[in-house]
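Each reported figure results from applying straightforward, stated rules to the coordinates on display, with no laboratory input. Here the structure is a predicted model, which is why all the values come from computation and not from measurement. Every residue, glycine among them, receives a Cβ derived from its backbone with ideal geometry; neighbour counts consider all protein chains shown.
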Amino acid sequence: MKELTSIFKNLAYLIDYPNDPISDIKGIGQKTIPLLENIDRTLASYLEEFLKDLNFFSNGDIQEHYTNIFDFSEKTTLYLTYFTLKESKKRGEVLIEISEIFKKEGFSFPKNQLFDHLPSILLFLSFCAGEKKIEEAGYFSKKYVNKGLSNLLESLLQAKSPYMHLIRLTYELINSKKLRVEVGNV
């Protein structure tokens, strides 16, 4: 469980806005690779590809790319319910449902984001892993995360963004059969 806590927390960091120098981002990535290898070597290879792609970016370049890809395009937003619900009343209801789940589980949510923001959701999954609430995390992922992640991955593959590797890793980790066996029918 400790590995999952670290993996989800590190993925949240890697997928969030790259405030830190690329060397720090790579350092977190390098620490995460052995944890992923314990689950599935393929998952680790996705992170390695992302880290390789970072070699072609300066700090300013990766920040500009991040902003262009995630902040200025509806097709690649990190707000996962947006893909299926857009700006609708139903999305508002789902965001309220998610916030209630966070409160019920005792998760302190970052105040500057909506409840469906992917890095924040990964922090919630990390929290659940640390609290041994993996079944709750699995249910939550199936209901609120998978569809948005799938749409995001498809769009990032088309855009050929280096972040496609991290989103593929996240999607496959959440849906990993080995992970389901390890943590109990997630």
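Annotations
- Membrane-span-like helices of the chain, defined as complete DSSP H segments with a Cα extent of 15 Å or more along the helix axis and a mean Kyte hydropathy of at least 0.0, are identified as 2-15, 22-37, 118-130, 146-159, 163-174.
- Set of aspartates and glutamates with alpha-carbon distance to LYS89 below 14 Å, sequence-local pairs under 8 removed: GLU97
- Annotation note: GluC sites (Glu not before Pro) in region 37-122 located in DSSP loop regions with a Cβ neighbour count of at most 10 within 10 Å are GLU87.
- Cβ-based net charge around GLU100, under 14 Å, with every Lys or Arg adding one and every Asp or Glu removing one: -2
- Global geometry of the chain, whether rounded, prolate or oblate, following the gyration tensor of its Cα atoms and the 1.5 cut on a/c: oblate
- In region 37-147, inverting the average of 1/r over every pair of distinct C-alpha atoms gives 15.9 Å as the Kirkwood radius.
- Relative contact order (%) - criterion: Cα under 8 Å, at least six apart; region: region 2-183: 33 percent
- Straight-line cross-link partners of LYS31 among the lysines, defined as a Cα under 19 Å from its Cα and at least 8 positions apart when in the same chain: LYS2, LYS9, LYS52.
- Within region 82-175, the ratio Rg/Rh, alpha carbon atoms throughout and Rh by Kirkwood, equals 0.96.
- The residues neighbouring ILE33, those whose beta-carbon lies less than 14 Å from its own, together hold a net charge of -1 under the Lys/Arg +1, Asp/Glu -1 convention.
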